[in-house]
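The values are calculated or read from the model by the stated rules, or taken from the named source; none is laboratory data. What you are looking at is a predicted structure, and each value in this text was computed from that prediction instead of being measured. Neighbour counts run over all protein chains shown; Cβ positions are idealised from the backbone, glycine included.
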Amino acid sequence: MNMIKRLLVVVGLLVGPLFGHGEERTPVVYKVNIKEEIGAASWRLARRSFEQALEGGARYIVIHLNTYGGTVIHADSLRSLILRCPVPVWVFIDNNAASAGALISIACDRIYMSEGASLGAATVVDGVGEVQPDKVQSYMRSMMRSTAQAKGLDTVTVGGEQRVAWRRDPVIAEAMVDEEVEIKGLSERGKVLTFTAREAMKHGFCDGIAASVEEVIRREGVTRYELREYRVTALDRVIGFLVHPIVQGLLILIIVAGIYFELQTPGVGFPLVAALSACALYFAPLYIEGLASYIEIILFVAGVMLLLLEVFVVPGFGVTGIAGVSCIVGSLALAGVGSFSFDGAGGFIHDLLYSLFFVSSCAVISLLFSLWLGRRLFRSRGLGLALHATEAVEDGFVGVDLATRQEVGKTGVAFTDLRPAGKVMVAGEVYDAVSNVGDYIAKGARVKVIKFQSGQVYVARAE
(Lines give C-alpha, C1' and ligand atoms only; values in the text may rest on other atoms or scores of the structure.)
Protein backbone atom coordinates (compact mmCIF):
# COMPACT_ATOMS: atom_id res chain seq x y z
CA MET A 1 0.00 0.00 0.00
CA ASN A 2 2.83 2.41 0.86
CA MET A 3 4.45 1.61 -2.48
CA ILE A 4 1.20 2.47 -4.32
CA LYS A 5 0.88 5.79 -2.46
CA ARG A 6 4.43 6.73 -3.37
CA LEU A 7 3.78 5.85 -7.00
CA LEU A 8 0.64 8.02 -7.06
CA VAL A 9 2.57 10.95 -5.57
CA VAL A 10 5.28 10.68 -8.24
CA VAL A 11 2.69 10.46 -11.02
CA GLY A 12 0.86 13.48 -9.59
CA LEU A 13 4.06 15.52 -9.56
CA LEU A 14 4.80 14.61 -13.17
CA VAL A 15 1.33 14.94 -14.65
CA GLY A 16 -0.12 17.70 -12.43
CA PRO A 17 1.66 20.64 -14.11
CA LEU A 18 0.27 19.55 -17.49
CA PHE A 19 -3.31 20.11 -16.31
CA GLY A 20 -2.73 22.83 -13.78
CA HIS A 21 -3.25 26.50 -14.51
CA GLY A 22 -0.57 28.38 -12.56
CA GLU A 23 -1.18 31.98 -11.68
CA GLU A 24 0.72 34.19 -14.14
CA ARG A 25 3.08 36.69 -12.56
CA THR A 26 2.47 40.37 -13.26
CA PRO A 27 5.25 41.57 -15.62
CA VAL A 28 7.69 44.09 -14.19
CA VAL A 29 8.47 47.23 -16.21
CA TYR A 30 11.52 49.07 -14.92
CA LYS A 31 11.92 52.82 -15.45
CA VAL A 32 15.42 54.30 -15.76
CA ASN A 33 15.70 58.07 -15.40
CA ILE A 34 18.38 59.93 -17.37
CA LYS A 35 17.55 63.60 -16.97
CA GLU A 36 20.97 65.22 -16.69
CA GLU A 37 24.28 65.53 -18.49
CA ILE A 38 25.68 62.17 -19.56
CA GLY A 39 28.70 61.66 -17.33
CA ALA A 40 30.09 59.60 -14.49
CA ALA A 41 27.10 60.20 -12.19
CA SER A 42 24.38 59.44 -14.76
CA TRP A 43 26.32 56.41 -16.05
CA ARG A 44 26.56 55.05 -12.51
CA LEU A 45 22.85 55.44 -11.82
CA ALA A 46 21.90 53.94 -15.20
CA ARG A 47 24.19 50.95 -14.69
CA ARG A 48 22.81 50.37 -11.20
CA SER A 49 19.26 50.67 -12.54
CA PHE A 50 19.84 48.08 -15.28
CA GLU A 51 21.47 45.69 -12.81
CA GLN A 52 18.60 46.05 -10.36
CA ALA A 53 16.04 45.65 -13.18
CA LEU A 54 17.54 42.38 -14.43
CA GLU A 55 18.03 41.03 -10.91
CA GLY A 56 14.36 41.81 -10.20
CA GLY A 57 13.19 39.92 -13.27
CA ALA A 58 12.05 42.96 -15.28
CA ARG A 59 10.48 42.04 -18.62
CA TYR A 60 10.86 45.52 -20.12
CA ILE A 61 12.99 48.59 -19.41
CA VAL A 62 11.88 52.14 -20.22
CA ILE A 63 14.39 55.00 -20.25
CA HIS A 64 12.90 58.38 -19.37
CA LEU A 65 15.35 60.63 -21.25
CA ASN A 66 15.91 64.37 -21.26
CA THR A 67 19.52 65.46 -21.88
CA TYR A 68 21.59 67.83 -24.00
CA GLY A 69 24.48 65.34 -24.17
CA GLY A 70 27.67 64.62 -22.28
CA THR A 71 30.97 62.78 -22.55
CA VAL A 72 31.54 60.39 -25.45
CA ILE A 73 32.97 57.58 -23.35
CA HIS A 74 30.02 57.48 -20.95
CA ALA A 75 27.55 57.70 -23.83
CA ASP A 76 29.31 54.77 -25.50
CA SER A 77 29.14 52.81 -22.24
CA LEU A 78 25.39 53.44 -22.01
CA ARG A 79 24.94 52.50 -25.67
CA SER A 80 26.75 49.20 -25.14
CA LEU A 81 24.72 48.52 -21.99
CA ILE A 82 21.47 48.97 -23.94
CA LEU A 83 22.52 46.95 -27.00
CA ARG A 84 23.57 44.00 -24.82
CA CYS A 85 20.50 44.08 -22.59
CA PRO A 86 18.62 40.73 -22.78
CA VAL A 87 15.19 42.37 -22.43
CA PRO A 88 13.54 44.99 -24.68
CA VAL A 89 14.60 48.58 -23.94
CA TRP A 90 12.30 51.47 -24.89
CA VAL A 91 13.07 55.17 -24.59
CA PHE A 92 10.71 58.06 -23.97
CA ILE A 93 12.29 61.36 -25.05
CA ASP A 94 10.57 63.85 -22.81
CA ASN A 95 12.11 66.95 -24.35
CA ASN A 96 15.71 66.67 -25.59
CA ALA A 97 17.89 63.86 -26.91
CA ALA A 98 20.84 65.82 -28.24
CA SER A 99 24.37 64.61 -28.92
CA ALA A 100 25.04 61.68 -26.55
CA GLY A 101 21.30 61.48 -25.93
CA ALA A 102 20.73 60.78 -29.64
CA LEU A 103 23.24 57.91 -29.56
CA ILE A 104 21.53 56.38 -26.51
CA SER A 105 18.07 56.73 -28.11
CA ILE A 106 19.07 55.03 -31.37
CA ALA A 107 20.44 52.08 -29.37
CA CYS A 108 16.99 51.39 -27.88
CA ASP A 109 14.54 48.90 -29.40
CA ARG A 110 11.69 51.43 -29.53
CA ILE A 111 11.78 55.25 -29.54
CA TYR A 112 8.89 57.42 -28.36
CA MET A 113 8.95 61.21 -28.28
CA SER A 114 6.74 63.86 -26.74
CA GLU A 115 5.30 66.65 -28.88
CA GLY A 116 7.98 69.32 -29.14
CA ALA A 117 10.87 66.95 -28.42
CA SER A 118 14.08 66.94 -30.50
CA LEU A 119 16.50 64.21 -31.55
CA GLY A 120 19.95 64.67 -33.16
CA ALA A 121 22.80 67.22 -33.20
CA ALA A 122 25.41 64.65 -32.20
CA THR A 123 28.54 66.55 -33.26
CA VAL A 124 31.33 66.18 -30.68
CA VAL A 125 32.29 69.50 -29.03
CA ASP A 126 34.49 70.47 -26.10
CA GLY A 127 33.48 72.16 -22.86
CA VAL A 128 33.13 75.59 -24.51
CA GLY A 129 31.23 74.38 -27.57
CA GLU A 130 34.15 74.22 -30.02
CA VAL A 131 33.82 71.44 -32.62
CA GLN A 132 36.44 68.73 -32.11
CA PRO A 133 38.86 67.49 -34.85
CA ASP A 134 37.67 65.10 -37.54
CA LYS A 135 39.47 62.19 -35.89
CA VAL A 136 37.06 62.41 -32.95
CA GLN A 137 34.06 63.09 -35.23
CA SER A 138 34.95 60.01 -37.28
CA TYR A 139 34.66 57.82 -34.22
CA MET A 140 31.29 59.33 -33.32
CA ARG A 141 30.04 58.87 -36.91
CA SER A 142 31.00 55.20 -36.85
CA MET A 143 29.22 54.69 -33.51
CA MET A 144 26.04 56.31 -34.83
CA ARG A 145 26.15 54.19 -38.01
CA SER A 146 26.84 50.91 -36.24
CA THR A 147 24.16 51.60 -33.63
CA ALA A 148 21.56 52.26 -36.33
CA GLN A 149 22.66 49.12 -38.19
CA ALA A 150 22.32 47.09 -34.98
CA LYS A 151 18.55 47.63 -35.16
CA GLY A 152 18.48 45.47 -38.30
CA LEU A 153 16.52 45.49 -41.56
CA ASP A 154 12.78 45.78 -42.30
CA THR A 155 10.70 44.81 -45.30
CA VAL A 156 8.92 47.89 -46.62
CA THR A 157 6.48 48.43 -49.47
CA VAL A 158 7.45 51.15 -51.97
CA GLY A 159 5.20 51.71 -55.00
CA GLY A 160 3.59 48.31 -54.57
CA GLU A 161 6.95 46.56 -54.38
CA GLN A 162 8.46 45.02 -51.27
CA ARG A 163 11.99 46.10 -50.52
CA VAL A 164 14.46 45.44 -47.73
CA ALA A 165 15.65 48.60 -45.99
CA TRP A 166 17.32 49.58 -42.78
CA ARG A 167 14.90 50.03 -39.93
CA ARG A 168 16.94 53.10 -38.96
CA ASP A 169 18.97 54.44 -41.84
CA PRO A 170 22.71 54.56 -40.89
CA VAL A 171 23.31 57.46 -43.29
CA ILE A 172 20.66 59.54 -41.52
CA ALA A 173 22.26 58.66 -38.18
CA GLU A 174 25.62 59.80 -39.55
CA ALA A 175 24.10 63.08 -40.73
CA MET A 176 23.32 63.88 -37.09
CA VAL A 177 27.10 64.10 -36.53
CA ASP A 178 28.62 65.26 -39.82
CA GLU A 179 27.43 68.50 -41.41
CA GLU A 180 29.03 67.41 -44.70
CA VAL A 181 26.58 64.51 -45.13
CA GLU A 182 23.83 65.62 -47.47
CA ILE A 183 20.54 63.73 -47.81
CA LYS A 184 18.26 64.96 -50.55
CA GLY A 185 15.08 66.46 -49.17
CA LEU A 186 16.18 66.02 -45.58
CA SER A 187 19.66 67.33 -44.74
CA GLU A 188 21.55 70.19 -46.38
CA ARG A 189 25.33 70.31 -46.55
CA GLY A 190 26.74 72.48 -43.78
CA LYS A 191 23.93 71.73 -41.30
CA VAL A 192 23.85 69.01 -38.67
CA LEU A 193 20.60 67.01 -38.74
CA THR A 194 18.11 67.36 -35.88
CA PHE A 195 14.64 65.78 -35.96
CA THR A 196 11.37 66.97 -34.49
CA ALA A 197 9.06 64.23 -33.23
CA ARG A 198 7.00 64.18 -36.46
CA GLU A 199 10.09 64.21 -38.68
CA ALA A 200 11.66 61.40 -36.67
CA MET A 201 8.48 59.30 -37.13
CA LYS A 202 8.49 59.90 -40.87
CA HIS A 203 12.08 58.70 -41.27
CA GLY A 204 12.00 55.73 -38.90
CA PHE A 205 13.71 57.26 -35.88
CA CYS A 206 10.57 57.44 -33.76
CA ASP A 207 7.95 54.74 -33.23
CA GLY A 208 5.26 56.97 -31.79
CA ILE A 209 4.36 60.17 -29.97
CA ALA A 210 3.46 59.86 -26.30
CA ALA A 211 2.93 62.12 -23.32
CA SER A 212 4.30 59.90 -20.54
CA VAL A 213 6.10 56.69 -19.73
CA GLU A 214 2.78 55.07 -18.85
CA GLU A 215 1.45 55.89 -22.32
CA VAL A 216 4.56 54.36 -23.90
CA ILE A 217 3.91 51.12 -22.00
CA ARG A 218 0.25 51.07 -23.11
CA ARG A 219 1.25 51.77 -26.72
CA GLU A 220 3.45 48.67 -26.54
CA GLY A 221 0.43 46.58 -25.58
CA VAL A 222 1.30 46.02 -21.94
CA THR A 223 -1.86 46.56 -19.85
CA ARG A 224 -1.09 44.71 -16.61
CA TYR A 225 2.31 45.52 -15.17
CA GLU A 226 4.24 46.59 -12.10
CA LEU A 227 6.27 49.77 -12.61
CA ARG A 228 9.51 50.01 -10.64
CA GLU A 229 12.46 52.38 -10.67
CA TYR A 230 15.81 52.81 -8.96
CA ARG A 231 15.61 54.75 -5.72
CA VAL A 232 18.46 57.22 -5.40
CA THR A 233 20.23 56.82 -2.05
CA ALA A 234 22.17 59.33 0.05
CA LEU A 235 25.41 57.69 -1.13
CA ASP A 236 24.34 58.20 -4.75
CA ARG A 237 23.78 61.90 -4.08
CA VAL A 238 27.15 62.28 -2.34
CA ILE A 239 28.99 60.51 -5.16
CA GLY A 240 27.06 62.49 -7.77
CA PHE A 241 28.07 65.71 -6.00
CA LEU A 242 31.74 64.76 -5.73
CA VAL A 243 32.09 63.72 -9.38
CA HIS A 244 30.57 66.98 -10.64
CA PRO A 245 33.19 68.84 -12.75
CA ILE A 246 33.03 72.00 -10.61
CA VAL A 247 33.58 70.07 -7.38
CA GLN A 248 36.38 68.04 -8.94
CA GLY A 249 38.02 71.29 -10.10
CA LEU A 250 37.90 72.71 -6.57
CA LEU A 251 39.37 69.50 -5.14
CA ILE A 252 42.25 69.70 -7.63
CA LEU A 253 42.85 73.32 -6.58
CA ILE A 254 43.06 72.25 -2.92
CA ILE A 255 45.36 69.30 -3.71
CA VAL A 256 47.85 71.42 -5.65
CA ALA A 257 47.71 74.36 -3.20
CA GLY A 258 48.12 72.03 -0.22
CA ILE A 259 51.20 70.36 -1.70
CA TYR A 260 52.69 73.76 -2.62
CA PHE A 261 52.27 75.29 0.85
CA GLU A 262 53.49 72.12 2.58
CA LEU A 263 56.67 72.19 0.50
CA GLN A 264 57.11 75.91 1.25
CA THR A 265 56.60 75.50 5.02
CA PRO A 266 57.56 71.92 5.96
CA GLY A 267 56.13 70.71 9.26
CA VAL A 268 53.16 73.09 9.41
CA GLY A 269 50.79 70.18 8.79
CA PHE A 270 47.55 71.92 7.83
CA PRO A 271 48.29 72.22 4.08
CA LEU A 272 49.19 68.54 3.96
CA VAL A 273 45.99 67.54 5.79
CA ALA A 274 43.94 69.66 3.36
CA ALA A 275 45.69 68.11 0.34
CA LEU A 276 45.24 64.55 1.62
CA SER A 277 41.57 65.17 2.44
CA ALA A 278 40.90 66.63 -1.02
CA CYS A 279 42.81 63.72 -2.56
CA ALA A 280 40.61 61.21 -0.73
CA LEU A 281 37.41 63.02 -1.79
CA TYR A 282 38.66 63.14 -5.39
CA PHE A 283 39.71 59.51 -5.77
CA ALA A 284 37.16 57.74 -3.51
CA PRO A 285 34.01 58.24 -5.67
CA LEU A 286 35.94 57.55 -8.87
CA TYR A 287 37.30 54.35 -7.35
CA ILE A 288 33.81 53.30 -6.27
CA GLU A 289 32.55 54.01 -9.79
CA GLY A 290 35.26 51.83 -11.29
CA LEU A 291 36.86 54.76 -13.15
CA ALA A 292 39.92 55.04 -10.94
CA SER A 293 41.94 52.02 -9.84
CA TYR A 294 44.82 51.44 -7.48
CA ILE A 295 47.15 52.24 -10.40
CA GLU A 296 46.10 55.92 -10.46
CA ILE A 297 46.40 56.14 -6.67
CA ILE A 298 49.90 54.61 -6.73
CA LEU A 299 50.84 57.00 -9.55
CA PHE A 300 49.68 59.97 -7.47
CA VAL A 301 51.64 58.85 -4.38
CA ALA A 302 54.72 58.28 -6.55
CA GLY A 303 54.39 61.83 -7.90
CA VAL A 304 54.27 63.32 -4.41
CA MET A 305 57.31 61.25 -3.34
CA LEU A 306 59.26 62.43 -6.37
CA LEU A 307 58.45 66.07 -5.52
CA LEU A 308 59.62 65.54 -1.93
CA LEU A 309 62.79 63.93 -3.27
CA GLU A 310 63.35 66.94 -5.53
CA VAL A 311 62.88 69.44 -2.71
CA PHE A 312 64.75 67.79 0.16
CA VAL A 313 67.28 65.45 -1.46
CA VAL A 314 68.23 66.81 -4.88
CA PRO A 315 67.30 70.53 -4.78
CA GLY A 316 66.70 72.27 -8.07
CA PHE A 317 63.86 71.65 -10.51
CA GLY A 318 65.21 68.71 -12.51
CA VAL A 319 64.18 65.30 -13.74
CA THR A 320 62.59 64.16 -10.47
CA GLY A 321 60.54 67.35 -10.18
CA ILE A 322 59.22 67.12 -13.74
CA ALA A 323 58.49 63.41 -13.27
CA GLY A 324 56.65 64.13 -10.01
CA VAL A 325 54.43 66.81 -11.54
CA SER A 326 53.73 64.57 -14.55
CA CYS A 327 52.73 61.67 -12.29
CA ILE A 328 50.37 63.82 -10.23
CA VAL A 329 48.68 65.44 -13.24
CA GLY A 330 48.54 62.11 -15.08
CA SER A 331 46.96 60.28 -12.15
CA LEU A 332 44.28 62.95 -11.68
CA ALA A 333 43.49 62.94 -15.41
CA LEU A 334 43.41 59.13 -15.81
CA ALA A 335 41.17 58.73 -12.77
CA GLY A 336 38.37 60.58 -14.55
CA VAL A 337 38.20 58.60 -17.81
CA GLY A 338 38.06 54.93 -16.80
CA SER A 339 39.95 52.04 -18.33
CA PHE A 340 41.14 51.84 -21.93
CA SER A 341 39.46 49.54 -24.44
CA PHE A 342 40.17 49.13 -28.14
CA ASP A 343 36.43 49.21 -28.91
CA GLY A 344 36.16 52.71 -27.45
CA ALA A 345 39.65 53.97 -28.26
CA GLY A 346 38.43 57.14 -30.01
CA GLY A 347 36.17 58.17 -27.15
CA PHE A 348 38.83 57.30 -24.58
CA ILE A 349 41.45 59.48 -26.29
CA HIS A 350 38.98 62.37 -26.62
CA ASP A 351 37.99 62.18 -22.95
CA LEU A 352 41.61 61.73 -21.85
CA LEU A 353 42.68 64.88 -23.70
CA TYR A 354 39.76 66.79 -22.21
CA SER A 355 40.59 65.46 -18.73
CA LEU A 356 44.27 66.41 -19.14
CA PHE A 357 43.28 69.92 -20.21
CA PHE A 358 40.85 70.19 -17.29
CA VAL A 359 43.34 68.95 -14.67
CA SER A 360 46.25 71.00 -16.09
CA SER A 361 44.14 74.17 -16.15
CA CYS A 362 43.03 73.67 -12.55
CA ALA A 363 46.62 72.94 -11.48
CA VAL A 364 47.99 76.10 -13.15
CA ILE A 365 45.22 78.25 -11.66
CA SER A 366 45.86 76.73 -8.22
CA LEU A 367 49.62 77.31 -8.48
CA LEU A 368 49.19 80.96 -9.51
CA PHE A 369 46.68 81.49 -6.72
CA SER A 370 49.05 79.81 -4.22
CA LEU A 371 51.92 82.08 -5.27
CA TRP A 372 49.74 85.16 -4.83
CA LEU A 373 48.31 83.97 -1.53
CA GLY A 374 51.76 82.98 -0.27
CA ARG A 375 53.09 86.49 -0.85
CA ARG A 376 50.08 88.02 0.85
CA LEU A 377 50.37 85.75 3.88
CA PHE A 378 54.11 86.11 4.40
CA ARG A 379 54.01 89.88 3.94
CA SER A 380 51.13 90.32 6.35
CA ARG A 381 52.13 91.89 9.67
CA GLY A 382 48.90 90.87 11.37
CA LEU A 383 49.40 87.11 10.94
CA GLY A 384 52.96 87.16 12.27
CA LEU A 385 54.24 84.62 9.76
CA ALA A 386 57.30 86.68 8.80
CA LEU A 387 59.85 88.99 10.45
CA HIS A 388 59.28 92.58 9.33
CA ALA A 389 61.81 94.40 11.61
CA THR A 390 64.79 95.99 9.84
CA GLU A 391 68.23 95.91 11.46
CA ALA A 392 69.98 98.82 9.75
CA VAL A 393 73.71 99.64 10.03
CA GLU A 394 72.92 103.23 10.95
CA ASP A 395 71.04 101.88 13.96
CA GLY A 396 74.16 100.07 15.17
CA PHE A 397 73.47 96.66 13.66
CA VAL A 398 76.29 94.80 11.94
CA GLY A 399 76.44 91.45 10.22
CA VAL A 400 79.21 89.96 12.41
CA ASP A 401 79.93 89.45 16.09
CA LEU A 402 82.15 92.39 17.23
CA ALA A 403 83.40 90.43 20.25
CA THR A 404 85.49 88.23 17.95
CA ARG A 405 87.36 91.29 16.60
CA GLN A 406 88.53 92.08 20.14
CA GLU A 407 90.51 88.80 20.29
CA VAL A 408 93.14 90.06 17.79
CA GLY A 409 96.64 89.96 19.43
CA LYS A 410 95.62 87.44 22.10
CA THR A 411 97.04 83.95 22.41
CA GLY A 412 95.28 80.66 22.86
CA VAL A 413 95.53 77.00 21.89
CA ALA A 414 94.42 74.97 18.87
CA PHE A 415 91.18 73.30 19.97
CA THR A 416 91.37 70.98 16.94
CA ASP A 417 93.91 70.33 14.23
CA LEU A 418 94.04 73.18 11.72
CA ARG A 419 94.34 71.75 8.16
CA PRO A 420 94.48 74.79 7.63
CA ALA A 421 90.96 75.41 9.00
CA GLY A 422 89.77 74.25 12.39
CA LYS A 423 88.90 75.61 15.81
CA VAL A 424 90.89 77.54 18.41
CA MET A 425 90.22 78.44 22.05
CA VAL A 426 90.98 81.98 23.11
CA ALA A 427 90.13 83.29 26.59
CA GLY A 428 87.84 80.33 27.17
CA GLU A 429 85.83 80.80 23.94
CA VAL A 430 86.00 78.50 20.92
CA TYR A 431 86.20 80.13 17.48
CA ASP A 432 86.35 78.92 13.88
CA ALA A 433 89.86 79.74 12.66
CA VAL A 434 92.22 79.45 9.70
CA SER A 435 96.01 79.16 9.72
CA ASN A 436 97.34 82.51 8.50
CA VAL A 437 99.88 81.00 6.08
CA GLY A 438 97.91 77.85 5.33
CA ASP A 439 100.24 75.51 7.26
CA TYR A 440 99.22 72.63 9.50
CA ILE A 441 98.88 73.36 13.23
CA ALA A 442 98.42 70.39 15.54
CA LYS A 443 95.80 70.24 18.25
CA GLY A 444 97.04 71.74 21.55
CA ALA A 445 99.65 73.98 19.94
CA ARG A 446 99.84 77.57 21.16
CA VAL A 447 98.48 80.07 18.64
CA LYS A 448 98.15 83.81 18.35
CA VAL A 449 95.24 85.66 16.72
CA ILE A 450 96.77 87.63 13.84
CA LYS A 451 93.78 89.26 12.29
CA PHE A 452 90.00 89.22 11.94
CA GLN A 453 88.69 89.49 8.38
CA SER A 454 85.26 88.89 6.79
CA GLY A 455 83.99 87.28 9.97
CA GLN A 456 86.94 84.86 10.11
CA VAL A 457 89.74 84.53 12.74
CA TYR A 458 93.28 84.05 11.37
CA VAL A 459 95.97 82.59 13.63
CA ALA A 460 99.69 81.73 13.59
CA ARG A 461 101.94 79.64 15.79
CA ALA A 462 102.82 81.53 19.01
CA GLU A 463 106.53 82.10 19.74
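Within region 414-427, being of a type outside the set (D, E, K, R) and exposed (fewer than 15 other Cβ atoms within 10 Å of the Cβ) holds for ALA421, ALA427.
Of note, GLU215 satisfies the criterion of being over 38 Å from the mean Cα position of the chain (by Cα), surrounded by 13 or more Cβ atoms within 10 Å (Cβ to Cβ) and not in a loop (DSSP other than H, G, I, E, B). The condition (being closer than 26 Å to ARG48 by Cβ, in contact with a Gly (Cβ under 7 Å, 6 or more places away or on another chain) and touching a residue at least 40 places away in the same chain (Cβ under 8 Å)) is satisfied by just one residue among ARG228, ARG219: ARG228.
Every test in (1) of a type in the set (Gly, Ala, Ser); (2) in contact with a Ser or Thr (Cβ under 7 Å, 6 or more places away or on another chain); (3) free of Cβ contacts under 8 Å to residues at least 24 places away in the same chain is passed by ALA210 save one, and that test is (3). The set of residues from region 427-463 being within 13 Å of VAL408 (Cα to Cα), without any contact (Cβ under 8 Å) to a residue 24 or more places away in the chain and outside any loop (DSSP other than H, G, I, E, B) comprises just one member, GLN453. Can we say ILE259 is surrounded by 16 or more Cβ atoms within 10 Å (Cβ to Cβ) and either without any contact (Cβ under 8 Å) to a residue 24 or more places away in the chain or among the aliphatic types (A, V, I, L, M) (or both)? Judged against the criteria, ILE259 is a match. Which condition does SER370 not pass, out of (1) modelled with pLDDT of 80 or more; (2) in the same structural domain as TYR260 (by TED's automatic domain parsing), if it passes all the others? So the condition that SER370 fails would be (1).
Taken together, the residues in region 152-185 that are more than 39 Å from the chain's Cα centre (by Cα) and part of a loop (DSSP other than H, G, I, E, B) amount to 4.
Which of the residues spanning region 69-94 are farther than 18 Å from ALA150 by Cα and modelled with pLDDT of 90 or more?
PHE92, ILE93, ASP94
Scanning region 122-145 for residues that are of a type in the set (S, T, N, Q) and more than 23 Å from SER355 (Cβ to Cβ) turns up nothing. Comparison of ALA102, ALA148, ALA122 shows that the only residue that is part of a loop (DSSP other than H, G, I, E, B) and either among the hydrophobic types (A, V, I, L, M, F, W, C) or surrounded by fewer than 24 Cβ atoms within 10 Å (Cβ to Cβ) (or both) is ALA122.
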